[in-house]
C-alpha cells in the first residue's frame, strides 16, 4: 500500500516540479533577492535520505538542511528534480543547493563545490531473494540498473565486469523493474535499498552485495563561486555535530545504521576539500 502510494506521489511530484524548475530557470537566481528562500534541488523517492511525504520534502538530508538554515539565518524551498541534471542545475543557478545524498567525487567537483560531509557511504546491490548474486563477478552477463549519473552508475560501470548496465531517472523506476524481473540487480545507496526492502516485504528482495567507502561522503552541492553559502553550510554542519543534532536526526532516519564516529558530538566531522580552496 505504502509503496503504491509513494510511486503515485513521486510521479505527480516530479511531473509538477518539472514545470516549476523550468519556470525558475527563466527567473534567474535568488542571489538577486537576499530575502528570498534558497532553492534546493532534491529527489522525491529516496528514503530515508530524501523523499516527499505528507506534502513536503523530508528525510535526513533535507531536515539537516532545515536545521542549518535555522542556525545560519536562511530559508529553503525544496524543488523536486531528476538526479542526472541536479549538479548542472546548481552550477547554472537554477538551484542554490543540491540536497540528494550526493557523493563528493573528484569528477563532480569539476562542476560544483561541496560542503563538508554529513554521512558516509555504503553501496548495495539489491536482488531477488535466492538469486545468489553475492560478489561483483557474479553479475557478469546480468542486467544491472542504476540511477543515471549517480556514483552507483560509476560503480557498476567500473566494478561489475561484464554486467549490462541500464540507466534510470529515479529510484522507483529501477525498483519496479527489479520486482518484475526486468533487472537482476539494482545498485543503490545502502540506506535507500534497505529501506525499500523493509517497506516492501512482499517483493521478496535482499541485499546481494555491499561495499563501504568513506572517501566520498555525502554533502550538499553549491555553485563554485558561492563561497558565502558554502561557509554557512560548513559552519552549520559543525554546529549540528557539536550540539548533537546530527546524531539525533541520524538516529531518527537511520534506525539500524550506526552514526559514523566522525559525526558524534565532539567528532572532527567529514572534511571535504574543493579544488582551488
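The values are calculated or read from the model by the stated rules, or taken from the named source; none is laboratory data. What you are looking at is a predicted structure, and each value in this text was computed from that prediction instead of being measured. Cβ: placed from backbone, ideal geometry, glycine included. Neighbour counts: every protein chain shown.
Quick notes
- Flag for residue 144 being outside the structural domain of residue 39 (by TED's automatic domain parsing), more than 25 Å from residue 58 (Cα to Cα) and assigned to a strand (DSSP E or B): yes
- The set of residues in region 103-115 being over 15 Å from the mean Cα position of the chain (by Cα) and modelled with pLDDT of 95 or more consists of 109, 110, 111, 112, 113.
- Filtered residue count, region 247-270, keeping only those that are assigned to a loop (DSSP other than H, G, I, E, B) and within 18 Å of residue 122 (Cα to Cα): 8
- The sole residue among 138, 131 that is modelled with pLDDT of 95 or more, outside the structural domain of residue 244 (by TED's automatic domain parsing), over 26 Å from residue 232 (Cβ atoms) and part of a loop (DSSP other than H, G, I, E, B) is 131.
- In region 213-252, the residues that are without any contact (Cβ under 8 Å) to a residue 60 or more places away in the chain, over 18 Å from residue 276 (Cβ atoms) and surrounded by fewer than 21 Cβ atoms within 10 Å (Cβ to Cβ): 215, 242, 243, 244, 247, 248, 251
- Candidates 123, 101, 105 - the one that is surrounded by fewer than 19 Cβ atoms within 10 Å (Cβ to Cβ) and in contact with a helix residue (DSSP H, G or I) (Cβ under 9 Å, 6 or more places away or on another chain): 105
- Set 199, 210, 204: member being on the phi > 0 side of the Ramachandran plot and surrounded by fewer than 20 Cβ atoms within 10 Å (Cβ to Cβ): 204
- Residue in region 90-102 that is at pLDDT 95 or above, closer than 29 Å to residue 241 by Cβ and in a loop (DSSP other than H, G, I, E, B) present: yes
- Single residue of region 178-190 satisfying the filter (surrounded by 16 or more Cβ atoms within 10 Å (Cβ to Cβ) and not in a strand (DSSP E or B)) that is nearest to the chain's Cα centre (by Cα): 190
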